Amino acid sequence: MDVKPYIDYFEEIAHLERDKQFDLLEQACEQINASSPLPVFPLITHLVRLGLLLLLLGGSYLLFGLTIWILALAGVLGLLAARVVSSEITDTLIRKALKSLLLE
């Protein structure tokens, strides 16, 4: 996982030097991935995207039928919502791992 966007993102480590932040973020990601036999971050991204797309597309189909522009709108909204939800889940996982690393 690319941790560069998370440099200076978390207030718990924002006061540290960039190299130290990078090392802590890498350790946090390794700790998260070590807890599961599958790669966690890509799995979260794909499952959330698939789930929200199916939910919104299926719901709009049941409510409105096969109206193309509503299905397209539901697809776009599903992708946008999936982006927000997966980034929130990723941020929460990294923040928890960082807190546990800082307590050590």
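The values are calculated or read from the model by the stated rules, or taken from the named source; none is laboratory data. These numbers come from a predicted model, not from an experiment. Quick reminder, even Gly has a Cβ in these numbers, built from the backbone with ideal geometry, and neighbours come from all protein chains shown. Please note that ligands, DNA and RNA were not included when accessible areas were found on the heavy atoms of the full protein model with its side chains. Shrake-Rupley method; radii C 1.70, N 1.55, O 1.52, S 1.80 Å.
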Practice task
Restrict the check to region 38-47 and report whether at least one residue is without any contact (Cβ under 8 Å) to a residue 24 or more places away in the chain, hydrophobic (A, V, I, L, M, F, W, C) and open to solvent by 80 Å² or more (accessible area, probe 1.4 Å).
Solution key: yes
Completion exercise
Scanning region 25-49 residue by residue, the ones that are more than 14 Å from residue 94 (Cα to Cα) and over 13 Å from the mean Cα position of the chain (by Cα) total 3
Practice task
Answer yes or no as to whether residue 50 is open to solvent by 80 Å² or more (accessible area, probe 1.4 Å) and under 22 Å from residue 84 (Cβ atoms).
Solution key: yes
Practice task
Please go through region 66-104 and pick out each residue that is among the hydroxyl-bearing types (Ser, Thr, Tyr) and without any contact (Cβ under 8 Å) to a residue 12 or more places away in the chain.
Solution key: 67, 87, 92
Problem - Odd one out for residue 4 among (1) of a type in the set (Lys, Arg); (2) under 12 Å from the mean Cα position of the chain (by Cα); (3) at pLDDT below 95 - result: (2)
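Confirm whether residue 85 is at pLDDT 95 or above and not hydroxyl-bearing (Ser, Thr, Tyr). Even if it seems obvious, please write down each step before you answer.
Details: at pLDDT 95 or above: yes; not hydroxyl-bearing (Ser, Thr, Tyr): yes.
For residue 85, the condition - at pLDDT 95 or above and not hydroxyl-bearing (Ser, Thr, Tyr) - is met.
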